[in-house]
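The values are calculated or read from the model by the stated rules, or taken from the named source; none is laboratory data. Because the structure is a prediction, the values reported are computed rather than measured. No Cβ is skipped: glycine too gets one built from the backbone with ideal geometry, and neighbour counts run over all protein chains shown.
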Ligand SMILES: C[S@@+](CC[C@H](N)C(=O)[O-])C[C@H]1O[C@@H](n2cnc3c(N)ncnc32)[C@H](O)[C@@H]1O
């Protein structure tokens, strides 16, 4: 049971006490684990997520033409914002605590998407052929002169800061996030939802994908996706870190938060909700007292259309 994940937890905890944890984390990933090379699985997953959000936007009656989109917690690679550009967005704001984009990561994301377009991986995204050509041109011109691809020229803008106080020049038509909610402190997350409700206009859509699993299970095959639920809140605070924290909220707790923040829920699609999956899993009293069908859910897709 005590394997790779403990090592990762210790490293992240150590990085989290350094003066600039995100920069230190990037340095570690780049120079030690070499994980800042875009993996195909990572790229494909974000293409799929972009499609899920765009499909939700369509279902809720959104108009993709010249849409303005905000992505909460974009992280290092602007893959999802680039997919929105290809799908018709005139503006995409990347909301994150810091501007994490780097020229070498932007180039990898653009090249990865151009390659994906050639073998049909973007086919279900509903992309605009003229925009794809624009991206290809931009990449060729940039590679040709060794320059940087400027996201700004595609209408993609970084908006560093806490999303609880975000000010956007115009109201967005769509706000999305991918595996962000589970990393945000519940009090802060509720504040972010309240802020999004404040800036919402009638018809604005929100689409958020939430992963409820113990993320250490992704680096350690020996670990169950429910492993972190065995710890009391006190013990978890000691294990958890600020580089990639996990709030351990279960599916229904997010919905409760939406209600408190005054954000309607039009769709709440949950996956992996199998109470039998918890058999043999040691759960701390907090999780033991909850509905097993709720505790066992491994991911959710929550969609809102503001009235
Ligand atoms: C796990 S990462 C997101 C990964 C990314 N969405 C992806 O698909 O690779 C979570 C991100 O949320 C950002 N974040 C956390 N709290 C935030 C806040 N209050 N406002 C804006 N961004 C925040 C973090 O800085 C971090 O980059």
If you take the residues of segment 49-60 that are away from the ligand (no atom under 11 Å from the Cβ) and out of contact with any strand residue (DSSP E or B) (no Cβ under 7 Å at 6 or more places or on another chain), which of them is farthest from residue 121 (Cα to Cα)?
59
Sort through 38, 18 and tell me the only one that's in a loop (DSSP other than H, G, I, E, B), modelled with pLDDT under 75 and more than 18 Å from residue 302 (Cα to Cα).
18
Restricting to segment 215-234, give me the number of residues that are surrounded by 21 or more Cβ atoms within 10 Å (Cβ to Cβ), in contact with a helix residue (DSSP H, G or I) (Cβ under 6 Å, 6 or more places away or on another chain) and under 26 Å from residue 46 (Cβ atoms).
2
Within the set of pairs 6 or more residues apart or between chains, which connect a residue that is at positive phi inside segment 71-90 to a residue that is more than 10 Å from the ligand (Cβ to nearest atom) with Cβ atoms less than 7 Å apart?
88/64; 88/65; 88/66; 88/67; 88/128
Provide a single number: the residues in segment 289-307 that are more than 17 Å from the chain's Cα centre (by Cα), closer than 20 Å to residue 209 by Cβ and assigned to a loop (DSSP other than H, G, I, E, B).
3
Residues of segment 119-136 being part of a helix (DSSP H, G or I) and under 15 Å from residue 42 (Cβ atoms), in sequence order, are none
Would you mind listing the helices (runs of 4 or more DSSP H) fully within segment 232-288 where at least 1 residues are closer than 21 Å to residue 73 by Cα?
251-261
Would you be able to say whether some residue in segment 106-118 is more than 16 Å from the ligand (Cβ to nearest atom), buried (at least 17 other Cβ atoms within 10 Å of the Cβ), in a loop (DSSP other than H, G, I, E, B) and at pLDDT 95 or above?
no
Take the conditions in a strand (DSSP E or B), within 13 Å of the ligand (Cβ to nearest atom) and either surrounded by 21 or more Cβ atoms within 10 Å (Cβ to Cβ) or at pLDDT 95 or above (or both) and apply them to residue 93. Does it pass?
yes
If we keep only residues of segment 176-207 that are touching a helix residue (DSSP H, G or I) at 6+ places or on another chain (Cβ under 6 Å) and not in a helix (DSSP H, G or I), then the residue farthest from the ligand (Cβ to nearest atom) is 205
Residues located in segment 227-239, provided they are in contact (Cβ under 8 Å) with a residue 60 or more places away in the chain and within 20 Å of residue 188 (Cβ to Cβ):
239
If I filter segment 149-166 for residues that are more than 9 Å from the ligand (Cβ to nearest atom), touching a helix residue (DSSP H, G or I) at 6+ places or on another chain (Cβ under 8 Å), at pLDDT below 95 and assigned to a loop (DSSP other than H, G, I, E, B), do I get at least one hit?
yes
Provide a single number: the residues in segment 208-224 that are within 16 Å of the ligand (Cβ to nearest atom) and more than 20 Å from residue 96 (Cβ to Cβ).
7
Filtered residue count, segment 235-270, keeping only those that are within 16 Å of the ligand (Cβ to nearest atom) and surrounded by fewer than 16 Cβ atoms within 10 Å (Cβ to Cβ):
1
In segment 46-84, how many are assigned to a loop (DSSP other than H, G, I, E, B) and closer than 17 Å to residue 299 by Cβ?
1
List the pairs whose first member sits in segment 172-194 and is within 13 Å of residue 254 (Cβ to Cβ) and touching a residue at least 40 places away in the same chain (Cβ under 8 Å), whose second member is within 8 Å of the ligand (Cβ to nearest atom) and assigned to a strand (DSSP E or B), and whose Cβ atoms are under 6 Å apart, counting only residues at least 6 apart or on separate chains?
177/72; 180/72
